[in-house]
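Read the structure below first, then the notes.
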Amino acid sequence: MVNLTFLNDASVFWNLKTRYQAKMIHTYSGLFVVVVNPYKRYPIYTHRVCKIYLGKRRNECPPHLWAVAECAYRNMLQNKKDNAMLITGESGAGKTENTKKVITYLAMVATGSGKKSEKKVSLEDQIVATNPILESYGNAKTARNDNSSRFGKFIRIHFTQSGKLAGCDIVSYLLEKSRITEQQEVERSYHIFYQLLQPYGDGIGGGLRELCHTSPDIYDYIYVSQGKTKVDSIDDNEELEYTEDAFNVLGFGE
């Protein structure tokens with residue numbers, strides 16, 4: 001977009017709108033890539049698409065989030081220096097989803113070449129599995145976004161000299177603690193509180209509700225029932241299953 005003849009708000013918005021209507025949600029603007037949230041699933045984050053951007057320069061393929069991730073990864077390998085990606089935007093812009101896509105891409109391109117054991121959980125699987133847990137304990141419904149991250153996070157992924165995944169650590173900060181005891185009428189507390197009361201939890205260990213001595217009625221707990229208790233776009237029972245699977249992948253016992 002920096003090459004537009006008339007670079008102003010109107011031309012930028014028109015350009016983004018035109019591309020969005022053509023289902024092209026990625027647009028380059030200098031070093032940045034602007035991603036417009038389509039609020040629907042597009043088949044543009046698959047293994048097949050990953051192969052298109054693998055090893056390519058940014059100007060060799062259509063604009064994509066993974067092109068920026070590929071550029072950062074290759075710069076790290078060539079220059080032997082740390083690279084960082086900043087993902088920013090307003091509430092509901094898609095920061096959480098784009099962060100997950102970047103992690104997924106790096107996990108796909110930086111895996112070892114050895115055969116993957118069916119029984120042993122790989123490191124890349126463990127890194128990707130951190131997302132459902134972080135979302136359960138740190139995401140909540142707000143007035144503008146059903147799955148809003150209520151904390152900031154700095155994700156540091158470590159690689160070997162050859163570019164293979166070696167580890168990952170996540171620093172989270174500024175968690176919105178006030179949401180635990182108070183919510184607005186159209187908002188909800190953190191997802192995990194509602195997941196704990198779902199029927200699927202009865203099959204985990206001795207039953208989550210039995211272990212936690214909780215009632216099946218969410219309205220027995222004023223701290224988490226001041227606003228919405230159900231979200232149309234979120235299946236808490238299914239999300240609990242994803243959370244349990246993630247804990248299993250990370251090696252947590254029942």
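Quick note: the coordinates plus some simple rules give every number you see, no bench work behind them. All of these numbers come straight from a predicted model, not from anything done at the bench. Using ideal geometry, Cβ is built from the backbone for each residue, glycine included, and neighbour counts are taken over all protein chains shown.
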(request) Taking each pair of different alpha-carbon atoms in the chain once, compute 1/r for the pair, average those values, and report the inverse of that mean as the Kirkwood hydrodynamic radius in Å to one decimal. (result) 20.6 Å
(request) Kindly rank 6-15, 62-71, 175-184 from highest to lowest mean number of other beta carbons found within 10 Å of each residue. (result) 62-71, 175-184, 6-15
(request) Could you check the simple spin-label distance between ARG57 and ILE180, using points 7 Å along Cα→Cβ, in nm with one decimal? (result) 5.2 nm
(request) Beta carbons within 10 angstrom, averaged per residue: use that to sort the peptides 17-24, 31-38, highest first. (result) 31-38, 17-24
(request) Set Lys and Arg Cβ to +1 and Asp and Glu Cβ to -1, take the dipole of the chain about its Cα centre, and tell me which of GLN78, GLN198, TYR137 lies farthest positive. (result) GLN78
(message) Helix-only mean residue ellipticity at 222 nm, the chain, DSSP H runs n ≥ 4 weighted -39,500 (n - 2.57), per residue, nearest 500. What is it?
(response) -11000 deg cm²/dmol
(message) From the phi angles alone, apply the Karplus equation (6.51, -1.76, 1.60; θ = phi - 60°) to the stretch 239-244 and give each ³J(HN,Hα) in whole Hz, x where the residue is Gly or Pro.
(response) 5, 4, 4, 5, 5, 5
(request) Just name one of GLY251, TYR221, GLY94: the one whose Cα is farthest towards the positive end of the charge dipole of the chain (beta-carbon charges, Lys/Arg +1, Asp/Glu -1). (result) GLY94
(message) Using only Cα atoms and rounding to the nearest 10 degrees, what angle (0 to 90) does helix 95-109 make with the longest principal axis of the chain?
(response) 70 degrees
(message) What distance in nm separates the two pseudo spin-label positions at ASN37 and ILE222, each 7 Å out from Cα along the beta-carbon direction?
(response) 3.3 nm
(request) Grab the Cα-Cα distance for GLN78 and ASP146, subtract it from 0.36 nm times how many residues apart they are, and report the gain in nm with one decimal. (result) 20.4 nm
(message) I'd like the distance separating the alpha-carbon centroids of the stretch 1-36 and the stretch 173-230, in whole Å.
(response) 41 Å
(message) Pairs of alpha-carbon atoms within less than 8 angstrom and 6+ residues apart define the contacts here; what relative contact order does the stretch 164-254 have, in percent?
(response) 32 percent
